[in-house]
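No lab work stands behind these numbers, since they all come straight from the coordinates. What you are looking at is a predicted structure, and each value in this text was computed from that prediction instead of being measured. Here Cβ is always computed from backbone atoms with ideal geometry, including for glycine, and neighbour counts include all displayed protein chains.
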Amino acid sequence: MVFHNSWEDTKRAEAYAKLEFPGTYYLAYRDLQKIIFEHVQGRKAIDFGCGTGRSTRFLKRIGFNTTGVDISKEMINKAKEIDPEGDYRIIGECDSNEFSCSAYDLVLSVFTFDNIPGVERRIKILKGLRDLLKREGRLIMLDATPEIYVNEWASFSTKDFPENRNAKSGEKVKIITTAIEDARPIEDIIWTDEDYKVTFKKSNFDQIKTYKPLAKENEPYKWINETSKAPWIIYVLGKKWGQAKSQEEIKIFKIILDILFLFS
């Protein structure tokens, strides 16, 4: 399967940089602060797949010392333009002395795994992210549910892609983000909850809690399906300690290079 990362694009980065938390995106972030404070103790974080920095800035606003990392130079450039004082890195360009394994209280991943093809890639990346966490650290992953690709939403449309209904877990699907100026279809990878659970287990993560936020009628948006169907799923994951520990001395630089290699 040939998969094109739709976000490695200057025009799309420009459009996405203007997007904050409207419509269906509001629903993704609405409960996130509460979830984070419920499960995370410290305040040192990595925003994995930070894009133009929206989720990095979100973490900073709620009190986290956060570094945003992404594979897209276009996205990182926009993040730095919007937030010149922020810490944003292109994966593979980090100094190995700055980041250590078992040093982070939180790794946040927002929509990132919607763009990562292949179960083996996902497992390898998840294991790398696991090594960044402290013993009681948490990986919080926010991604699309399969339902998002077969329904209409306040911020998305899939009506032009009926083939999405036949897509199996791990296959490509298309969706249009109506909340930005760039109306070109985005290619994502659909992934079922059942396959996520298998992937987490193989990555030595314990699944601590799962959330599927639904919209409320009194919220200030014109919901379409959001009150009855969940477009997003939020996983809270902890390090599994029943198996052999990773080498704690390994630096993040090696992990980042491994991740970069997966996307080359």
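What is the fewest-to-most order of Thr67, Thr227 by other Cβ atoms lying within 10 Å of their Cβ?
Thr227, Thr67
Measure up Lys212/Lys239; Lys134/Lys202; Lys80/Lys222; Lys80/Lys216; Lys73/Lys212; Lys80/Lys239 against 24 Å on the Cα-Cα distance and list the ones that go over.
Lys80/Lys222; Lys80/Lys216; Lys73/Lys212; Lys80/Lys239
Run a plain Debye calculation on region 38-93 (Cα atoms as equal point scatterers, no solvent) and give log10 I(q)/I(0) at q = 0.12 Å⁻¹, rounded to two decimals, same order as the q list.
Relative scattering, expressed as log10 I(q)/I(0), comes to -0.24.
Once label points are set 7 Å from the Cα along Cα→Cβ at both Ile90 and Asp206, what is their separation, rounded to one decimal in nm?
Once both label points are built, they end up 4.0 nm from each other.
If packing is taken as the average number of other Cβ atoms within 10 Å across a peptide's residues, how do 45-51, 134-140, 164-170 rank, most packed first? All intermediate terms of the calculation are to be shown ahead of the outcome.
Working: 45-51: 26.6, 134-140: 19.6, 164-170: 14.0.
Taking the mean over residues of other Cβ atoms within 10 Å, the ranking is 45-51, 134-140, 164-170.
Mark the label point 7 Å from the Cα of Glu163 along Cα→Cβ and return the residues of region 184-209 whose backbone N is within less than 15 Å of it.
Residues passing the 15 Å test: 185-190.
Under unit Cβ charges (Lys, Arg +1; Asp, Glu -1), what dipole magnitude, rounded to 20 debye, does region 17-176 have relative to its Cα centre?
220 debye
For a quick protection proxy, order the peptides 172-179, 188-195 by their average other-Cβ count within 10 Å, most packed first.
172-179, 188-195
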